[in-house]
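Engineer: Structure in structure tokens, see below.
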Amino acid sequence: MKKIRFFIAVFFMLFFNTTKAQIAESTSYRFEGKVESPKFRTYNINLLTLYVDNTYKIIFQTYGSKKLARRNIIRETEIEEGIWNTKGSVLTLLSNNSKQELIFSVKNNKKLRVMINDVEASALVWKKTDNK
């Protein structure tokens, strides 16, 4: 009887460990900062989530100011989804809707920078966030 209980316990431990391994873990990067234009100033918070199955989701949130962002009063939200891939230290995002590529330069797996004209890196830095 003790052997049967032991084998049942081992079976359930193996079963739960394999089902946990099948859950896709994601990696998230965040950018926040001011955007100044001649007409108005906004405060943007953008969240990029890369999934294991090579899909991604970007949420662009626009606020009137940093104070309104702290209070979570959103002016505008836009969501983009698509497919991502990497080649060396270059991360390429291909949108499902517009078929337009967004290219990032990866720095030490904790920071991303948007590439301009495939040569220059912008000053905007996306930082990796904890998924816990």
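Engineer: Looking at region 23-38, which of its residues are under 20 Å from residue 77 (Cβ atoms) and either of a type outside the set (A, V, I, L, M, F, W, C) or surrounded by fewer than 15 Cβ atoms within 10 Å (Cβ to Cβ) (or both)? Walk me through how you get there before you give the answer.
Structural biologist: As a first pass, look at region 23-38 and keep what is under 20 Å from residue 77 (Cβ atoms): 26, 28-35, 37.
Within region 23-38, 26, 28, 29, 30, 32, 33, 34, 35, 37 meet the criteria.
Engineer: Look at region 49-71 and say how many of its residues are closer than 19 Å to residue 129 by Cα and more than 16 Å from the chain's Cα centre (by Cα).
Structural biologist: Looking only at that region, the number is 2.
Engineer: If you take the residues of region 96-111 that are assigned to a strand (DSSP E or B) and of a type outside the set (Phe, Trp, Tyr), which of them is surrounded by the most Cβ atoms within 10 Å (Cβ to Cβ)?
Structural biologist: So the first thing to find is which residues in region 96-111 are assigned to a strand (DSSP E or B), and the list is 101-107, 111.
Those still in the list that are of a type outside the set (Phe, Trp, Tyr) too: 101-103, 105-107, 111.
On the way: 101: 12, 102: 18, 103: 15, 105: 16, 106: 16, 107: 13, 111: 14.
Among them, the one singled out is 102.
Engineer: Going through 77, 49 one at a time, which residue ends up being surrounded by 12 or more Cβ atoms within 10 Å (Cβ to Cβ) and either of a type in the set (A, V, I, L, M, F, W, C) or in a strand (DSSP E or B) (or both)?
Structural biologist: Values: 77 fails: surrounded by 12 or more Cβ atoms within 10 Å (Cβ to Cβ).
It is 49.
Engineer: Tell me, which residue of region 112-127 that is touching a residue at least 24 places away in the same chain (Cβ under 8 Å) and closer than 17 Å to residue 27 by Cα is surrounded by the fewest Cβ atoms within 10 Å (Cβ to Cβ)?
Structural biologist: Step one: list which residues in region 112-127 are touching a residue at least 24 places away in the same chain (Cβ under 8 Å), which gives 112, 115, 124-127.
Going one step further and asking which of them are closer than 17 Å to residue 27 by Cα, we end up with 112, 125-127.
Numbers: 112: 21, 125: 15, 126: 22, 127: 12.
Checking each candidate, the answer is 127.
Here, each number is a calculation from the coordinates, and none is a lab measurement. Source: prediction; values computed, not measured. We place every Cβ from the backbone using ideal geometry, glycine too, and count neighbours over all the protein chains shown.
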